[in-house]
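Since the structure comes first, as structure tokens, the remarks are kept for the end.
The values are calculated or read from the model by the stated rules, or taken from the named source; none is laboratory data. In this text the structure is predicted, and so the values were computed from the model without any measurement. Using ideal geometry, Cβ is built from the backbone for each residue, glycine included, and neighbour counts are taken over all protein chains shown. For accessibility, only protein heavy atoms count, side chains too; no ligands or nucleic acids. Shrake-Rupley method; radii C 1.70, N 1.55, O 1.52, S 1.80 Å.
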Amino acid sequence: MNMVLEAPHLPLIGKRLRQESSKDDRVKLGFMAVIGLYLVVALGAPLFVMLSKSLSTYRFELSAFEFQVSDETGANWGPIASAEDLNRTLVAVTEAELSVSSDGRLAATKFFPEFKFRSPVHYRIRGTSDDAAFLVGSTLEKGTEWREYDSGTFRRVVLRPARSLGFENFSTYFSTPALAQSIYNSVLMAVISTVFTVAIAFTLAFGLTRSCMPLKGLFRGILTIPILVPSLLPGIALVYLFGNQGVFKDWLLGYSIYGPIGIVIGSIFFTLPHAFLIILTALSVADARHYEAAASLKASKWRTFTTVTVPGARYGIVSAAFVVFTLVITDFGLPKVIGGQYGMLAVDIYKQVIGQQNFEMGAVVSVILLVPAVLAFYVDQRMQKRQVALLSARAVPYTPKRNARTDTLCFAFACLVSLFILGMIAMCQIAAVVKFWPYDLTLTAKNFAFDLMDGGGWAAYGNSIQLALLTALFGSVIVFAGAYMVEKADGFRFGRGLFHFLAMMPMAVPGMVLGLAYIFFFNNPANPLHPIYGTMTILVVSTVTHFYTVAHLTALTALKQMDPEFESVAASLKQPFHRLFFRVTVPVCLPAILNIAIYLFVNAMTTVSAVVFLYSTDTKLASVAVLNMDDAGDIAPAAAMGMMIFYTNVAAKLVHALISRGLLARTQAWR
């Protein structure tokens, strides 16, 4: 008897098997799509609009408008003449005046020298194409139909420029010596600051990990203080220390603190914590066997340092260098306060937009500023991918041995740097509580009467706290949920990769660039999201987006520590993913979530560059108030407001520590 085996359900040869996605996976994909759409709207679309703005040039095309003038009866019309023909005769507008910004306006009456607004003469105007536009008061008119106006109305007619795409804006920028010099200045300041900052940070991190110096915990706390203050504050401190009336003005040997010297010193102050924490993490991972091997080979301490210590931390050093470089070249607050006449790219954006209302040139500078930031980020990412594990299962933790000379030198250096940091903060505190530096040092609280100063008053401080709380709340939810969908969803490799790319983009986008891009995108009346412009909502959106990447990486790191088997077990028990998420994932990752929240809170309190273009009368912020008061010459009140930001962040850190201790005691007992 022959037996025939049938396999009717076998797939066709060559057809690839695909795992059927579950309902939970489809829900995760939906959430990921929603948060991805948020990143597209909050980052991708504004940057695209800004790029197109940088390529946009505007010029009055006089041949696009035609006029007719009546006699004094208003009934008989003269010959048709274009604005170009009239201007050729009158030379009312020069060739240079024809190139304008997007907001350019040219009064039609310029082409009629005999115009009188009370005359009985009537005027007609039309475009030679459908795109030709002019304003009558605030009413926009377009098209090729004749429109007739009396003299009183015609005086309100202004021509609007035509838009074209090209690289003329970039040519103009690079052909302007003062503007092009800003590129060289910014790169130079970033390179010098990076060299000094990384060297100082490495020495400090080396002392804390490779010596037995005392008070290591205290030094770690002091070295992170600059994170809690806006970048404008070190500029104010330097003015009081080394300015024209400064305590140590003679120490500069006749040089001025306003310019490169002040920018470098201030940059070292506010970037040092970032470099220190990165290098400290790199040096904390060490295998004692490498040092024992070096000792057995009778290698000198210097050779051990150059062949074991530095190579082991090289990726941390490179990463710290790129972080510092990016922070310095994109910072706005410090060079605005202490830079004097020394041009920097970030300040140029502010001057072009706020000072000259030249949005197209501001977009050009933004694109130029975006290039070094993106390159630094790209190289850093490439270097991180090449990093290999330095610790294995057989590794022996490194314990430094006492060495009186090394310990003393490391302790002395840490004391010197700590004195520098505390001295800057103390100077700002003194400036905030004395009447009139340096002539009347009587203590006073009048500098805290912010309602009597230009800048926004106490309402600005309240707005900053509101912004920080909303950013910490919504930002933590959005970031952690997005990271969870990327890490824990099965399949959808392309979608998850695209989302991760969008999540990494904000790190490479300077705050000034993001703020200007928001103006172009959200301030367009045709945009359905236009109503949020000028509200607290857009400040929250911009702040969450600006600091999204670091928070996203923090969440991913925590989620990668959880075994994927949790999801498999939950699926086998037919438990929906949201139950696992709230009962297991969130409690396990609570330390990371709390760290994300305090990170977003502190940065929302101190940020200036991302919000300086976006606040309105009702949403002024404390960090922006510091800038405005400094511009108005109220330096002491500016220092007082800066210290209020510092006090608030210190209080937030303490509250975060208390909450963490209480919640983590219950949720992290399994550890």
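Annotations
- Helix-derived mean residue ellipticity, 222 nm - over the chain, DSSP H n ≥ 4, -39500 (n - 2.57), to 500: -18500 deg cm²/dmol
- Ranked from largest to smallest solvent-accessible area, with a 1.4 Å probe on the protein heavy atoms, Ser102, Ser164, Ser211 come out as Ser164, Ser102, Ser211.
- Computed over protein heavy atoms with a 1.4 Å probe, the accessible surface of the chain works out to 50 Å² per residue.
- Of every Cα-Cα pair in region 510-653, the percent that sits beyond 23 Å: 52 percent
- Normalised by residue count, region 416-570 yields a Cα convex hull volume of 209 Å³ per residue.
- For region 37-176, the Kirkwood hydrodynamic radius comes to 16.8 Å, computed from all pairs of different C-alpha atoms.
- At full extension, Leu663 and Ser138 could sit 183.2 nm farther apart than now, given 0.36 nm per residue minus the alpha carbon distance.
- For region 197-262, the extents of the C-alpha atoms along the principal axes are 42, 25, 20 Å, listed from largest to smallest.
- Taking only Cα atoms of region 41-99, radius of gyration then Dmax in Å: 19.3, 59
- ³J(HN,Hα), Karplus 6.51/-1.76/1.60, whole Hz, each residue of region 425-441, x for Gly, Pro: 5, 5, 5, 5, 5, 5, 4, 6, 10, 9, 5, 8, 6, x, 8, 10, 9
- Net charge of Cβ neighbours under 11 Å - reference Val337; Lys, Arg +1; Asp, Glu -1: -2
- Label-to-label distance, nm, for residues given as Cys415 and Leu529 (7 Å Cα→Cβ offset): 5.4 nm
- Per-residue ³J(HN,Hα) for region 514-522, Karplus 6.51 cos²θ - 1.76 cosθ + 1.60, θ = phi - 60°, Hz, x for Gly and Pro: 4, x, 5, 4, 5, 4, 5, 7, 7
- Chain lengthening between Asp454 and Leu253 when straightened (0.36 nm per residue, less Cα-Cα): 68.9 nm
- By the Stokes-Einstein formula, at 1.306 mPa s and 10 °C, region 449-504 with its Kirkwood radius over alpha-carbon pairs has D equal to 113 µm²/s.
- Under 15 Å, Cβ to Cβ, from Ile257 - net charge with Lys/Arg +1 and Asp/Glu -1: 0
- Separation of alpha-carbon centers, region 515-540 and region 613-646, rounded to whole Å: 22 Å
- Across Lys216/Lys560; Lys53/Lys116; Lys142/Lys336, pairs whose alpha-carbon gap is larger than 32 Å: Lys53/Lys116; Lys142/Lys336
- Our coupling estimate for region 647-657, obtained by passing each phi through the Karplus curve with A = 6.51, B = -1.76, C = 1.60 and θ = phi - 60°, is 4, 5, 5, 5, 4, 5, 4, 5, 4, 4, 5 Hz, Gly and Pro reported as x.
- Database remark: amide H of Lys435 closer than 5 angstrom to the amide H of Thr442, Thr444 (H placed geometrically; neighbours at sequence offset of 5 or more, or on other chains; Pro and chain starts carry no H).
- Relative contact order (percent, whole number), the chain, Cα cutoff 8 Å, 6+ residue spacing: 17 percent
- Mean separation of Cα contacts under 8 Å (6+ apart) over length of region 16-153, as relative contact order %: 22 percent
- Computed from the C-beta positions of Ser171 and Val379, the FRET efficiency with R₀ = 35 Å rounds to 0.80.
- Summed residue charge, Cβ within 14 Å of Thr176's Cβ, Lys/Arg positive, Asp/Glu negative: -2
- When the chain is described by a simple charge dipole with +1 on each Lys and Arg Cβ and -1 on each Asp and Glu Cβ, the residue from Met485, Ala449, Leu600 located farthest towards its positive end is Met485.
- Carbon/sulfur fraction of accessible area - the chain, other protein chains in place, 1.4 Å, %: 62 percent
- For region 142-216 and region 324-376, distance of Cα centres in Å: 3 Å
- Cα-based radius of gyration for the chain, normalised by 2.2 N^0.38 Å, reads 1.19.
- Positive-end extreme of charge dipole, the chain - chosen from Gly235, Ile263, Pro576 (charges on Cβ): Pro576
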